[in-house]
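Here's the structure, in structure tokens; my notes come after.
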Amino acid sequence: MINKKVRFAGALFAAVILAGSVVGCASSKDAISKDSSSKAAATSNTPIDLSVMFYTSANIQITHDNNEAIKFLEQKFNVHLNIMDVPIKDYETKQNTVIASGSLPDVMVWSSYPNANLGSYIKQGAFMPLEKYIDATPNLKQFPQQIWNNLKAPDGHIYVIPRPRPIVRTGVVIRKDWLDKLGLPIPKTIDDFAKVAVAFAKNDPDGDGKENTYGIATDIKLQNVLPLFYAFGTGNEWLKQPDGTLKNFAIADGNKEALQWMRDLFAKGGLSKDFPVQQGIVRKELQSGKAGMMIESYIIDYAQDIAALKKVDPKAQLIYIDPPVGTTGSSGFNAGTGFAGGWLIPAKEKPEKVQKIMEILNWEASPEGYHFNKAGIDGIHNTKNADGTFTTNEKYISDDIKELIMISPYDIYSYVDGGAPADVQKVQRDALDMIKDKGLFNPAPTFLAPTSIEKKPDLDNLRLDYFIKIITGQLPMSAYDEFVAKWKAGGGDQITKETNDWFKTQGNK
């Protein structure tokens, strides 16, 4: 799934950069009309060369050969694409090399933001601030303001055009059939969740006569359990204090209660005894019928999860429910930045090329661009059904349409699996509706404290080491205070100072 998205974002841009003004609809003010395309072509018969750099999941060269989508877009837009597709494993090296050389592509993708290397390149003046161009793109400006806020660099400028994703995209998924069999209501409070987790471990919900199930799935990285901590008021990454300063979630006051809660749950079997030595198999625990719930499950994964689970237990039912509510009312899911990296334009790029790139990006975020993304060229890549929907064909797949558009409109339903059965899609849509306003925001989502670049990996490992040993009983609860002291002395205090110094500059006291 991830690899598909990666290539989708990359090549996509390529196509759109061509398609931008191409597939527009004359009846829509958002579309790039045929008239404007003709005028552009009339101004210059020489196609504009645009170089586009992105990463792919494999060493595959994207070519123009027999690609009707690319041909159509290039003819319409009077553009020639120079595609620089790089295998993902080599991409970081390649991007650093091209930046060091000073010979940058016209537009390139950066897979994450904030990013220490990118921040350094921005300070050096390698990339262009884009606010004035964004202001001229009405479709891009329809992205939630929170996304644009999250993209602001420390200097206040925006350098990245985002690849949008739903801001809140995870939910609690639970075995409804197990609840019904054990006569349990849907859990709501943090205490309810503990009772259900233990019951899933002790009361044989799968009916095989063995004690081989458990409640909540997680692993050595404590993946997929953030909402449990949020219920105890730890905050998302940073927690704003009554005096207006920020406190890191690693040492938030609620951690003691959260760790005691998880320690008790582990002792009673509500967590897998093996989670401290497991990594990267959280979903497999759910799919195999061993775990009864995931506290933080990506909605997009539901289609695969329920399909795999039903192979094990055809009567299995998975539903999404609200996050656990703590004793003080604290509750929520992780609210992300609303994007997965984005695109940058070199600081020295010619204005006409920048304008053309932004024009195309604006088109990509329009209804017409989204239709091209989803269905390709009407009559060539799809067939229109009697109900007005479209069914894509093999040509749509072979022409890599999904990889020819770089961005899309902001759409929470982009996390609905369009290839899944209708009932599965309905579950996903309903879940996305349910969670959309339940996000817990990080007050400093894209600030990278200078000290964190060097120290954060060690501090994260320190936190996980102590937290897991406390949860599993290898260390007493009193060890948490020891952890806090080490975290502060190991760079945490300096990171906190740097973050708060920046936070004050944003108008916060």
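The values are calculated or read from the model by the stated rules, or taken from the named source; none is laboratory data. Because the structure is predicted, anything quoted here is derived from the model rather than measured. Ideal geometry is used to build each Cβ from the backbone, glycine not excepted, and the neighbour counts take in all protein chains shown. Areas reflect the complete protein model, heavy atoms only, side chains present, ligands, DNA and RNA absent. Shrake-Rupley method; radii C 1.70, N 1.55, O 1.52, S 1.80 Å.
Summary of computed values
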read-out: Vicinal HN-Hα couplings computed from phi for the stretch 124-140 (Karplus, 6.51 cos²θ - 1.76 cosθ + 1.60; Hz; Gly/Pro x); value: 7, x, 6, 10, 8, x, 10, 4, 5, 7, 4, 4, 9, 10, x, 6, 5
read-out: 5 angstrom amide H check on Ile345, placed H, neighbours 5+ away; value: Met128
read-out: Cα centroid separation, the stretch 301-371 to the stretch 250-296 (Å); value: 25 Å
read-out: Rg in Å to one decimal, and Dmax rounded to a whole Å, for the stretch 397-445 via C-alpha atoms; value: 14.6, 43
read-out: Helix 255-267 vs. the chain, principal-axis angle (Cα, 0 to 90°, nearest 10); value: 70 degrees
read-out: The stretch 391-509: projected area of the alpha-carbon convex hull, averaged over directions, in nm²; value: 13.4 nm²
read-out: Principal-axis tilt of helix 2-19 within the chain, Cα atoms, nearest 10 degrees; value: 20 degrees
read-out: ³J(HN,Hα), Karplus 6.51/-1.76/1.60, whole Hz, each residue of the stretch 188-204, x for Gly, Pro; value: 10, 8, 4, 5, 4, 4, 5, 4, 5, 4, 5, 4, 4, 7, 9, 10, 6
read-out: Value at 222 nm in deg cm²/dmol, rounded to 500, when DSSP H runs of n ≥ 4 in the chain each add -39,500 (n - 2.57); value: -12500 deg cm²/dmol
read-out: Carbon plus sulfur fraction of accessible area for the stretch 119-178, probe 1.4 Å, in percent; value: 49 percent
read-out: Gain in span if fully extended, Phe390 to Ala422, counting 0.36 nm per residue against the direct Cα distance; value: 10.0 nm
read-out: Sequence-separation-based contact order of the chain, relative, with Cα cut under 8 Å and 6+ spacing, percent; value: 24 percent
read-out: Mean Cβ neighbour count within 10 Å, used as a protection proxy, ranking 315-322, 422-429, 341-348 highest first; value: 341-348, 315-322, 422-429
read-out: Distant-in-sequence amide H partners of Tyr113 (H built 1.01 Å from N, under 5 Å); value: Gly341
read-out: Alpha-carbon radius of gyration plus Dmax, which is the widest Cα pair, for the stretch 304-460 in Å; value: 21.1, 60
read-out: Using a Förster distance of 25 Å, the FRET efficiency for Lys348-Glu131 (Cβ separation, nearest 0.05); value: 0.90
read-out: Directionally averaged shadow of the stretch 74-226, computed from the convex hull of its alpha-carbon atoms, nm²; value: 15.9 nm²
read-out: Directionally averaged projected area (convex hull, Cα atoms, the stretch 241-374), nm²; value: 15.1 nm²
read-out: Relative packing of 128-141, 106-119, which averages over residues the other C-beta atoms within 10 Å, highest first; value: 106-119, 128-141
read-out: Alpha-carbon radius of gyration plus Dmax, which is the widest Cα pair, for the chain in Å; value: 24.8, 78
read-out: For the stretch 437-486: rounded, prolate or oblate by the Cα gyration tensor [a/c cutoff 1.5]; value: oblate
read-out: Whole-number accessible area per residue in Å² for the stretch 198-329, which is evaluated in the context of all protein chains at 1.4 Å; value: 42 Å²
read-out: Nitroxide proxy distance, nm - points 7 Å out along Cα→Cβ at Lys310 and Met477; value: 4.4 nm
read-out: Nearest 10 degrees, 0 to 90: helix 302-312 Cα axis against the chain principal axis; value: 50 degrees
read-out: Debye intensity ratio in log₁₀ form over the Cα atoms of the stretch 361-426, taken at each q of 0.17, 0.19, 0.29 Å⁻¹; value: -0.66, -0.83, -1.30
read-out: Overall Cα dimensions of the stretch 89-179 - principal axes, largest extent first, Å; value: 60, 35, 22
